[in-house]
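Working notes for the structure below.
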Amino acid sequence: MNLRTSFAILMCKWCRALLRKLGRGGTDFPGKVALKICPDILGRVAKNVKVVIVTGTNGKTTTSRMVEQAMRDNGLSFFCNKSGANLLSGVTAEFAVNSSTWSGTCKYPYALIESDEAAFKAISKYVDAKVVVVTNLFRDQLDRYGEVSHTLENIKIGISHLPQATLCLNADDSLVASIAQDAPNQVLYFGVNTPIYKERVKEVSDAPYCVRCKHRYVYDYVTYGHLGGYRCPNCGYHRPTPQVAVTEVISSDAEQSVVNIAVDGKEYRAVINLPGGYNIYNACSCAAAGKAMGLDMPTVIESLSTFECGFGRMEKFPIGKTSVRMILVKNPAGCNQVLNFLSNASGPVLFTVCLNDRDADGTDVSWIWDVDFEKLCDMGDLLTAIYVSGVRADDMALRFKYAGIPLEKIHVEKDYGKLMDEVTDQEAPVYIMPTYTAMLDLRDKISKKYGFEEFWEK
Ligand SMILES: [Zn+2]
């Protein structure tokens, strides 16, 4: 028994209980307190816990929820971090509160940790990860973490702390796949063997040049962003063949996708309980994680049809005459995916964007000019209206105006209460795309106004 460890755990649990009592969902503060008392607390409380880490720029929350369901359905005893507690302090707090009070021994043999891509190199120093899933690497907002290559380097450093972990890497992402080059780890690639969308999406690629020799890639097909069947005609670097692959997209609508997933050549029919092409990738990465963990594959595939989506990841609220779906966005790639999804809608939709520029959102909102909002014009009458809200609502309205959206369709409403009244007073499904802090404010408003549970209760 170590007194310092015990005290740190006790203080962490106490702070968290106090914050909850005050009705606050604070996820980082209790962990910061514990780290202050005992800087290597995470290494102590995570000792002997088999950890699965999910990292990458987009899709890690949804992937984590899918893996969570798969682990539960396979009967594993584990805990996981939620509610955006994916920095060192948040992860520390999760381990501390899930450990027995005095000895610092964890109550669970397994843990599933979603790790912020920048925090991964710190977290990986202290935990014994058996599996690491890297979803993808997209350029984040301009003022967050710098260039995508910098993020790649950070993830490589993190992986160097975990030579015994099996890496589940996105074969279709030239940056992620390149991680395998210098790593001694066992690698399991996952990917999508076929285009997802009918028409090729015009997007700015975040990684057009070969990661080895800087020559421009040739693509046999593109799924979205810079993901797809790339190869370098100069040095020969190319998409590796994935062991876990989506071989066919059978259907994809506003509620779900049905795909065939091959695992080591054996095909499974999977119903993915969330719409959108990027969720097909998330499902595929979950299947890879399941294989790396040695879970029963039919059970893993079945889990994809039953898991509950994460906070703000296509989260659905039935309100008034309609249903509202909330889709958190934090970078141009994620935003373009939402637009791909909307522009493939078969019925009318109402679109809402809530743009904030606080620290957690990224203070520079110029990224909205990199997003292909122009494609909404092709939707014609299927796009019934666009509402804009948030601190930078006027910037967003201006962006839509320049995209060529008819002015009579663009509505600015900065009051969230009035916004919700207006968008739910009609029948078309509502898709709200908020930035992070806008989502917290909006989610709070929805909880209070319509009686949905607060997010930290989930
Ligand atoms: Zn090359």
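How many of the residues in region 69-84 are in contact with a Gly (Cβ under 9 Å, 6 or more places away or on another chain) and in a helix (DSSP H, G or I)?
First pass over region 69-84, keeping only residues in contact with a Gly (Cβ under 9 Å, 6 or more places away or on another chain): 70-71, 74, 81-84.
Keeping just the survivors that are in a helix (DSSP H, G or I) gives 70-71.
Count: 2.
Listed here are the residues, each with its yes/no results for (1) closer than 30 Å to L350 by Cα; (2) charged (D, E, K, R).
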position: D173; (1), (2): no, yes
position: Q181; (1), (2): no, no
position: F190; (1), (2): no, no
position: Y197; (1), (2): yes, no
position: A207; (1), (2): no, no
position: H226; (1), (2): yes, no
position: R231; (1), (2): no, yes
position: T247; (1), (2): no, no
position: A262; (1), (2): no, no
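Of the residues that make up region 81-95, is at least one closer than 19 Å to M297 by Cα, among the hydrophobic types (A, V, I, L, M, F, W, C), buried (at least 22 other Cβ atoms within 10 Å of the Cβ) and in the same structural domain as L274 (by TED's automatic domain parsing)? Write out each step before concluding.
Step one: list which residues in region 81-95 are closer than 19 Å to M297 by Cα, which gives none.
So far as region 81-95 goes, no, none of its residues is closer than 19 Å to M297 by Cα, among the hydrophobic types (A, V, I, L, M, F, W, C), buried (at least 22 other Cβ atoms within 10 Å of the Cβ) and in the same structural domain as L274 (by TED's automatic domain parsing).
Just one of the numbered conditions (1) part of a strand (DSSP E or B); (2) touching a residue at least 24 places away in the same chain (Cβ under 8 Å) is not true of A289: (1).
Among the residues of region 2-16, is there at least one that is of a type in the set (V, I, T) and either assigned to a helix (DSSP H, G or I) or open to solvent by 50 Å² or more (accessible area, probe 1.4 Å) (or both)? Checking region 2-16: at least one residue is of a type in the set (V, I, T) and either assigned to a helix (DSSP H, G or I) or open to solvent by 50 Å² or more (accessible area, probe 1.4 Å) (or both).
Please go through region 30-48 and pick out each residue that is in a helix (DSSP H, G or I) and either open to solvent by 60 Å² or more (accessible area, probe 1.4 Å) or touching a Lys or Arg at 6+ places or on another chain (Cβ under 7 Å) (or both).
Narrowing region 30-48 to residues in a helix (DSSP H, G or I): 30-37, 41-45.
Result: P30, K32, K36, I37, R44.
If you go through region 219-240 and keep only what is assigned to a loop (DSSP other than H, G, I, E, B), in contact (Cβ under 8 Å) with a residue 40 or more places away in the chain and open to solvent by less than 10 Å² (accessible area, probe 1.4 Å), you end up with just H226. When residues in region 1-59 are screened for being hydroxyl-bearing (S, T, Y) and closer than 18 Å to E114 by Cα, 3 of them pass. The residues in region 146-178 that are surrounded by fewer than 16 Cβ atoms within 10 Å (Cβ to Cβ), part of a loop (DSSP other than H, G, I, E, B) and not small (G, A, S) can be counted, and the count is 3.
The values are calculated or read from the model by the stated rules, or taken from the named source; none is laboratory data. Quick caveat: nothing in here was measured; it's all calculated off a predicted structure. Please note: Cβ atoms are built from the backbone with ideal geometry, for glycine as well, and neighbour counts cover all protein chains shown. Areas reflect the complete protein model, heavy atoms only, side chains present, ligands, DNA and RNA absent. Shrake-Rupley method; radii C 1.70, N 1.55, O 1.52, S 1.80 Å.
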